[in-house]
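The values are calculated or read from the model by the stated rules, or taken from the named source; none is laboratory data. In this text, all values refer to a predicted model and were calculated from it rather than measured experimentally. Positions of Cβ are generated from backbone atoms using ideal geometry, with glycine treated the same way; all protein chains shown enter the neighbour counts. Surface areas here come from the heavy atoms of the whole protein model, side chains and all, with no ligands, DNA or RNA. Shrake-Rupley method; radii C 1.70, N 1.55, O 1.52, S 1.80 Å.
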Amino acid sequence: MTFPEGIREDGLPAVLSDPARLKALEDSHQVGSGPERVFDDLTRLAATVTGCDIAAITFVSGTNTFWKSVPHLPYTDTESWQNAVGDSFCYFPVGLNGPFVVENAAKDPRTEGHPAIEPWGVGAWAGYPIVTSDGQAIGSMCVIDPKPREWTPGELDTLAVLARAVSSEVSLRVSLGAARFALETAEEALRTAGELTRSLQESLLPPVLRPVPQLDTAAHYLPAGEEAVVVGDFYDLFHARGPWWTAVMGDVCGKGVEAAKVTALARYTLRADASEHRSPAAVLDRLNTAMLNQRAPRFLTAAYVTFRTTPKGVTGRVCLAGHPPALIRRADGQVQQLGVPGTLLGVTDKIRLTDMRFTLAPGDLLLLYTDGACEARPAPDAQGLRGPMFDETALARTLADSRGLDAEATVARISATLAAHNGGWASDDTALLALRVPPRP
């Protein structure tokens with residue numbers, strides 16, 4: 001195998017030991033860091049698009065490969081999430097500073113007999129480099145198929161886009177690192193002036209839900225932690241046109257000013273387009289285009305509902321863009337998921353969005369929520385250990401137990417249950433929005 005910078009004595013790419021590359025890797029602050037949602041979302045998307053069981057983001061030093069995101073593996077500690085640099089294929093994109101694609105690892109002369117094939121079960125492998133703004137390849141994003149296969153151009157194009165998204169996130173962090181002291185000073189001042197931050201957050205949420213004829217509605221928002229920081233969770237409920245109304249729940253990746261920019265873009269784009277398109281998928285597709293055209297610095301997930309009231313209750317459609325499914329609590333207490341999984345927004349122009357019809361009868365309730373309500377963990381104890389997650393099953397059970405309660409009481413019950421589980425410590429931002437058809441007298 002020929003690499004542009006030559007090879008070391010151990011046969012691996014010489015660029016792995018290049019001081020400039022290693023300095024760029026150090027400045028990224030990714031070596032030895034744990035999983036983060038911003039990266040896990042991208043690897044899950046890569047696995048979904050390619051149909052692979054394994055997708056990973058790694059950072060590669062001169063001696064080790066550090067696994068930043070491998071959603072199919074349980075994270076234990078940083079020591080277990082690393083291995084010798086030659087024991088995986090991840091150094092190939094770094095050494096080439098370009099894509100490395102293998103359709104049959106056991107027979108390809110570049111990888112035949114490689115020590116990574118058997119432990120990782122590599123039939124086929126495709127990876128792209130993670131590159132800093134000054135062109136240094138410091139890691140890779142890859143997918144692994146246990147069987148030999150041909151990669152389609154669409155799969156490789158999407159993988160390249162996702163690798164660029166990871167590169168952009170890392171480069172953004174590096175550029176901010178140069179001004180870290182000033183930023184921390186500004187954040188401290190912002191925390192001191194917490195009222196200003198809360199005001200900005202409240203400006204991104206409707207201060208009072210607009211009344212919808214023949215429905216009772218309620219919403220609740222709880223930021224993670226104790227600090228006043230602008231976050232990316234948002235919801236909205238508004239009249240679209242004619243008899244049609246719109247409910248939205250969104251979750252922008254990250255926090256701070258960049259997340260606030262995307263939240264504002266999303267909320268006002270959705271309001272503008274809701275009056276022109278009755279299809280939720282069409283509106284979300286237009287938001288995706290707007291985010292790409294304006295180079296939005298963060299991606300987002302969303303659940304978008306368009307509905308109208310009828311003499312029998314509510315009829316409508318829902319579309320999920322990388323967001324957790326909506327939940328319907330029927331009048332008898334039965335809970336069902338609603339929505340077809342779709343692609344998150346702001347990453348690629350090739351997205352998959354599907355409208356799904358639904359109806360609500362008297363006594364039925366529709367719940368939209370962000371993942372803080374279904375991925376909630378209690379605060380760590382003195383040993384740093386945490387209890388079980390409050391997951392989708394726990395959320396559905398809590399919703400079922402609230403049978404007979406109106407929208408406001410239902411949201412209050414879920415919020416109280418989450419608080420009891422978390423011990424008053426929120427591991428992630430949480431937003432809830434409930435729409436209920438009152439039972440008939």
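Length gain on complete extension for the stretch GLU9 to ALA412, per 0.36 nm per residue less the alpha carbon to alpha carbon distance?
Details: separation 403, 0.36 × 403 = 145.08 nm, distance 6.44 nm.
Result for the pair: 138.6 nm of gain on full extension.
For a distance above 17 Å, tell me the whole-number percent of Cα pairs in the range 22-125 that qualify.
When all Cα pairs of the range 22-125 are counted, 56 percent exceed 17 Å.
Helix 194-203: angle to the longest alpha-carbon principal axis of the chain, degrees 0 to 90, nearest 10?
70 degrees
Counting other Cβ atoms within 10 Å of each Cβ, which GluC sites (Glu not before Pro) in the range 74-168 have at most 16 and sit in a DSSP loop?
GLU79, GLU103, GLU112, GLU150
Order TYR235, TYR221, TYR268 by their accessible area, 1.4 angstrom probe, all chains in place, largest first. Present the calculation step by step, with values, prior to reporting the outcome.
Values: TYR235 20, TYR221 45, TYR268 125 Å².
Of TYR235, TYR221, TYR268, the descending order of accessible area is TYR268, TYR221, TYR235.
Calculate the all-directions average of the projected area of the chain's alpha-carbon convex hull, and give it in nm².
If I average the Cα hull's projected area over directions, I get 22.6 nm².
Step through the table entries LYS68/LYS107; LYS147/LYS261; LYS261/LYS312; LYS23/LYS107, compare each Cα-Cα distance with 31 Å, and write down the pairs that go over it. Display every interim value, and only then the final one.
Numbers: LYS68/LYS107 29 Å; LYS147/LYS261 43 Å; LYS261/LYS312 40 Å; LYS23/LYS107 36 Å.
Exceeds cut-off: LYS147/LYS261; LYS261/LYS312; LYS23/LYS107.
Remind me, relative contact order of the range 306-419 in percent, using alpha carbon pairs under 8 angstrom and six or more residues apart? Before the final figure, lay out the partial values.
Details: 192 pairs, mean separation 27.4, N = 114.
That works out to 24 percent.
To the nearest 20 Debye, how big is the dipole of the chain about its Cα centre, given +1 on the beta carbon of each Lys and Arg and -1 on that of each Asp and Glu?
So the dipole magnitude of the chain works out to roughly 1760 debye.
Mind listing which trypsin sites (Lys or Arg not before Pro) in the range 62-150 are in a DSSP loop and have 15 or fewer other Cβ atoms within 10 Å?
Filter output for the range 62-150: LYS107, ARG110.
Heavy atoms of the protein only, probe of 1.4 Å, neighbouring chains included. What is the accessible area of ILE54 in Å², nearest 10?
ILE54 exposes around 30 Å² with every protein chain in place.
Using bins 5 angstrom wide from zero, how does P(r) for the range 236-307 break down, in % of all Cα pairs?
3, 17, 31, 24, 14, 8, 2, 0
What is the ratio of the Cα radius of gyration of the range 251-358 to 2.2 N^0.38 Å, where N is its residue count, to two decimals?
For the range 251-358, the normalised Cα radius of gyration comes out at 1.13.
Taking the chain as the reference, fit the longest principal axis to its C-alpha atoms, fit the long axis of helix 153-177 to the helix C-alpha atoms, and give the angle between the two in degrees, 0 to 90, nearest 10.
Around 90 degrees separate the two axes.
Considering only the chain, what is the antiparallel percent among its DSSP beta bridges, to the nearest 5?
Percent antiparallel among DSSP bridges in the chain is about 100.
If I fit a long axis through the Cα atoms of helix 37-50 and take the longest principal axis of the Cα atoms of the chain, what angle between them do I get, 0 to 90°, rounded to 10?
Once rounded, one gets 80 degrees.
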